[in-house]
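Okay, structure first, notes after.
The values are calculated or read from the model by the stated rules, or taken from the named source; none is laboratory data. None of the values given here were measured: they were computed from a predicted structure. Cβ placement follows ideal geometry from the backbone for every residue including glycine, while neighbour counts extend to all protein chains displayed. Surface accessibility is based on the protein's heavy atoms, side chains included, excluding ligands, DNA and RNA. Shrake-Rupley method; radii C 1.70, N 1.55, O 1.52, S 1.80 Å.
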Amino acid sequence: MSLEGWDELRTAYHVARTGTVSGAAESLGVHHATVIRHVDALEKRLGARLFQRHARGYTPTEAGMDLMQVGRTTEDQFAQLASRIRGRGEGVSGDLTITSLSVMSPLITPLLVEFGALYPAVEVRFLTDERVFRLEYGEAHVAIRAGRQPQEPDNVVQRLFRYDIGFYATREYLEGRPAFDGDNWDKHRFVGVDTRLLRAPFYGWLQNEAPPESIAFRTSSQRANIDAVLAGAGIGFLPRWLGERHDDVVEVMPPREDWSFDLWLVTHVDLHRTAKVQAVVQFLKERFAELGL
């Protein structure tokens, strides 16, 4: 297909996406007459009607829907290509996006600040969210993911550390109360979560074991759950690396093996060997090893 043919395909995709000639023209920054010319020329070239024209705009035909799928895939691939090209600089410089769960921020953020000081030509972006960022579409250079080992075929996956979870309470909360023995639920208050987070095995265990009335404080995020435990709301879950840093909290029972999970460093194969990705991956692995995690 010629360069003009690619332009026509791109124009028709935006007409299908927006539903109007004016919407496509605004998206592409061209005159509406150009949009009409491109669509007419593409329909003539393909020998098929791509749109039904009506007073409200353009509705894709069956052939137009096929074109829309091809156009969406092509646009995604171009965005992916652009991200890869931006990441191929030889020096440790430019933008570098790392993602993780927000609960990891107290551990990861200081390390990334240190990394930024070592490589001042790098602009670090740390994105924390529950969703999985798509490395293949250039949403991030490095992802720190929890749970089972990621299986995407185009990703390079390395184990970072074992994320151990403990059952903790503040010393102030425990003062004057009996030790928790796994049975005396009615003698204590517990910090739980809403149903959205019950897929985590430790929260599921608490939901199954504790009488509902004993869960006196609930949150909608792991970060808020940690804050509630540290504030003395009751007995709840903390990462053991965090609990060990607080002298005012006590682990109230031995952790269960099924509460723990692995953290993984994930990079896309096309960016894995770039200087900045290699630098931050090696830096994080070394720092976690030094921390004994």
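Mean sequence separation of contacting Cα pairs (under 8 Å, at least six apart), scaled by the length of the chain, corresponds to a relative contact order of 20 percent.
Per residue, the chain reaches -13000 deg cm²/dmol at 222 nm when only DSSP H runs of four or more residues are counted, each adding -39500 (n - 2.57). As a fraction of the 1.4 Å probe accessible area of segment 98-187, surface on carbon and sulfur atoms comes out at 47 percent. Pairwise Cα separations in segment 6-84 fall into 5 Å bins from 0 onward with the following percentages, short to long: 3, 17, 27, 26, 16, 6, 3, 1, 0. When the inverse distances between all different Cα atoms of segment 109-247 are averaged and flipped, the Kirkwood radius reads 17.7 angstrom.
Solvent-accessible area of TYR137, all protein chains in place: 80 Å² (probe radius 1.4 Å, heavy atoms, ligands and nucleic acids excluded).
For segment 11-140, the Stokes-Einstein estimate of translational diffusion at 37 °C and a viscosity of 0.692 mPa s comes to 183 µm²/s, using the Kirkwood hydrodynamic radius over alpha-carbon pairs. Estimated at the nearest 10 Å², the accessible area of PHE283 is 10 Å² with a 1.4 Å probe. Put simply, the convex hull of the Cα atoms in segment 163-215 casts, on average, a shadow of 4.2 nm². Here the convex hull built on the C-alpha positions of the chain has a volume of 187 cubic angstrom per residue. Rounded to two decimals, the Cα radius of gyration of segment 106-183 over 2.2 N^0.38 Å is 1.65.
Accessible surface calculations at 1.4 Å, restricted to protein heavy atoms, place segment 165-253 at 49 Å² per residue.
How charged is the neighbourhood of GLU213? Take every other residue with its Cβ under 13 Å from the Cβ of GLU213, and add Lys/Arg as +1 and Asp/Glu as -1.
Details: positive: LYS187, ARG189, ARG218; negative: ASP186.
Charge balance in the 13 Å sphere: +2.
Surface composition of segment 228-271: carbon and sulfur atoms hold 48% of the protein heavy-atom accessible area at a 1.4 Å probe. Of the two radii for segment 165-253, the radius of gyration is 0.92 times the Kirkwood radius, both from the alpha carbons; that is the Rg over Rh value. Remark: segment 6-84 carries 58 Å² of accessible area per residue (probe radius 1.4 Å; ligands, DNA and RNA excluded). Taking the Cα centre of the chain as reference, the dipole from Cβ charges on Lys and Arg (+1) and Asp and Glu (-1) amounts to some 820 debye.
Where the alpha-carbon atoms of segment 140-182 are placed on the principal axes, they occupy 55, 22, 12 Å, in descending order. For the residues LYS285, LYS187, a 1.4 Å probe over the protein chains yields an accessible-area ranking, largest first, of LYS187, LYS285.
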